[in-house]
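Step one of this worksheet: look at the structure below.
The values are calculated or read from the model by the stated rules, or taken from the named source; none is laboratory data. It should be emphasised that the depicted structure is a prediction, and the values quoted were computed from it without experimental measurement. Here the Cβ positions follow ideal geometry from the backbone for every residue, glycine too, while neighbour counts run over all protein chains shown.
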Amino acid sequence: MARITAGVGSSHVPLLGVASDFGKDKDDYFGPIFDGFEWTREWEKSEKPDVVILVFNDHASAFDMKIIPTFAIGCGERYKPADEGWGPRQVPEVEGHPDLAWHIAQSLILDEFDMTIINEMDVDHGLTVPLSMMFGKPDAWPTKVIPLAVNVVTYPPPSGNRCWALGEAIARAVASFEEDLNVQVWGTGGMSHQLQGPRAGLINREWDNRFIDGLIGDGDDLRRIPHIEYLRETGSEGIEMVMWLIMRGAMGRNTRALHRHYHVPCSNTAIGHVVLRPDNGEGLDMTGSDAAERVAAE
Amino acid sequence: MSGPQDIHEYLAEFEDIPGTRVFTAKRARQGYNLNQCAMSLMKDENRARFRADEAAYLDEWNITPEQKDALLKRDYNRLLDLGGNVYFLAKVFSTDGQSFAQAVSTMTDMNFEDYTAMMVAGGRSPEGNRSIKDKR
């Protein structure tokens, strides 16, 4: 049986891709950002996920204004890094997991989520920057990836509650897949940032950290935050944090935080990430030095 | 939770956020051709043609004279008012060789140096920037 063993919430600032690709990750500006991901990079080496369901938003790369799907799932074999206007990032192609992706798509549709199926697309920094932050610079990404794209650009985006419920439905879909797979769910985008207008540069450190706090434990207050609160408190692009709620919904009732990190600034934004373990009595704790053996033994 | 929501109330609240243009359906419709035009700059050959003669390139698109003027002047706040969206307008910044932060700073009342200093010092405070009517 496939099982969800961890969730990661993370920013996906495009400048981090540039810093990683051009070796600036240790300089004074980027050092504190990349250092915060060091723990997670080490942890991922022992976790060895088979598949990451990577929730992100496309930034006018694969999708333009012609078609605007609220929730779309990538069921393709592989995805190339998108050319976002300055040439594609020189990072490995992303390998999909079509069998699991199609299984999840079918299950979600039966579960009354109207998913858009994508078989071909290029993936932009929303997806490739988190891979760089969690895995560094390998020759090939060490996991398969199921891209799950959410519209958070054209209003209205889905509600936080809907995102949370989608996460719960993803958990049911994964649990009903027969192959034995170690699956993680990542919710990316955020933290507070505003990229436009005279209020650009808005950062709300306190709100961001309260949001991370709310992901931990068994509370579900975050699902009831209305869009207007994200916009007022965290800037117009802070709305991307609804995508973290898909990850949180997939973790089940209770979570434990294994690691968290927050830093201001990165370009126009706050950057943060959190690593969560579902803590629902399933015995999925694979932290510690014997993690790899335990995965192999299961 | 969420029962049915009144769409008019939902949209009206967005007008109360200082210095912010939310990309509503109204703006998406108004800016459709403008955003698709910006999107076309993802292709190298289009960037080259745009750089060679910006006005002639923009004439190929069904955009309004106001949108064309604002694009030529790189007046990003006005472009947002005319239905532009920042992720699409970013194709114009990158064609100009500008970073996101450089371009975004032009929408504020600060120069790039001051804007960068503000970000390094923790960013713009939400205090006084949440609501126009409640002044908070």
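Here are B:100, B:93: which of them is at pLDDT below 95 and in contact with a Pro (Cβ under 8 Å, 6 or more places away or on another chain)? Reasoning before the result, please.
Numbers: B:93 fails: in contact with a Pro (Cβ under 8 Å, 6 or more places away or on another chain).
Unique residue meeting the criteria: B:100.
Scanning the stretch A:224-239 for residues that are touching a Ser or Thr at 6+ places or on another chain (Cβ under 8 Å) and closer than 14 Å to residue A:191 by Cα, which turns out farthest from the other protein chains (Cβ to nearest Cβ)?
Going through the qualifying residues, I end up with A:238.
Please specify each residue of the stretch B:13-44 satisfying the condition of being at the interface with another protein chain (Cβ under 7 Å from one of its Cβ atoms), aliphatic (A, V, I, L, M) and either closer than 17 Å to residue B:126 by Cα or crowded, with 17+ Cβ neighbours inside 10 Å (or both).
Correct list: B:17, B:22, B:28, B:39, B:41, B:42.
What are the pairs with Cβ atoms under 6 angstrom where one residue, in the stretch A:200-219, is away from chain B (no Cβ under 13 Å) and the other, located anywhere, is assigned to a helix (DSSP H, G or I) and at pLDDT 95 or above? Sequence gap at least six, or different chains.
Correct list of pairs: A:214/A:221; A:214/A:222; A:215/A:248.
Hey, any hits in the stretch A:182-192 for a residue that's assigned to a helix (DSSP H, G or I), within 14 Å of another protein chain (Cβ to nearest Cβ) and either without any contact (Cβ under 8 Å) to a residue 40 or more places away in the chain or surrounded by 20 or more Cβ atoms within 10 Å (Cβ to Cβ) (or both)?
Step one: list which residues in the stretch A:182-192 are assigned to a helix (DSSP H, G or I), which gives none.
Within the stretch A:182-192 (the criterion being assigned to a helix (DSSP H, G or I), within 14 Å of another protein chain (Cβ to nearest Cβ) and either without any contact (Cβ under 8 Å) to a residue 40 or more places away in the chain or surrounded by 20 or more Cβ atoms within 10 Å (Cβ to Cβ) (or both)), the answer is no, since none of the residues qualifies.
Within the stretch B:96-122, how many residues are crowded, with 16+ Cβ neighbours inside 10 Å and either part of a helix (DSSP H, G or I) or at the interface with chain A (Cβ under 7 Å from one of its Cβ atoms) (or both)?
Step one: filter the stretch B:96-122 for residues crowded, with 16+ Cβ neighbours inside 10 Å, giving B:98-101, B:103-108, B:110, B:112, B:115-116, B:118-119.
Next, from what is left, pick out any that are either part of a helix (DSSP H, G or I) or at the interface with chain A (Cβ under 7 Å from one of its Cβ atoms) (or both): B:100-101, B:103-105, B:107-108, B:112, B:115-116, B:118-119.
Matching residues across the stretch B:96-122 total 12.
Assess whether residue A:144 counts as being in contact with a His (Cβ under 6 Å, 6 or more places away or on another chain) and either charged (D, E, K, R) or surrounded by fewer than 20 Cβ atoms within 10 Å (Cβ to Cβ) (or both). Even if it seems obvious, please write down each step before you answer.
Values: in contact with a His (Cβ under 6 Å, 6 or more places away or on another chain): yes; either charged (D, E, K, R) or surrounded by fewer than 20 Cβ atoms within 10 Å (Cβ to Cβ) (or both): yes.
Criteria met by residue A:144.
Looking at B:10, B:87, which one is within 8 Å of another protein chain (Cβ to nearest Cβ), outside any loop (DSSP other than H, G, I, E, B) and buried (at least 21 other Cβ atoms within 10 Å of the Cβ)?
On the way: B:10 fails: buried (at least 21 other Cβ atoms within 10 Å of the Cβ).
Matching residue, one of B:10, B:87: B:87.
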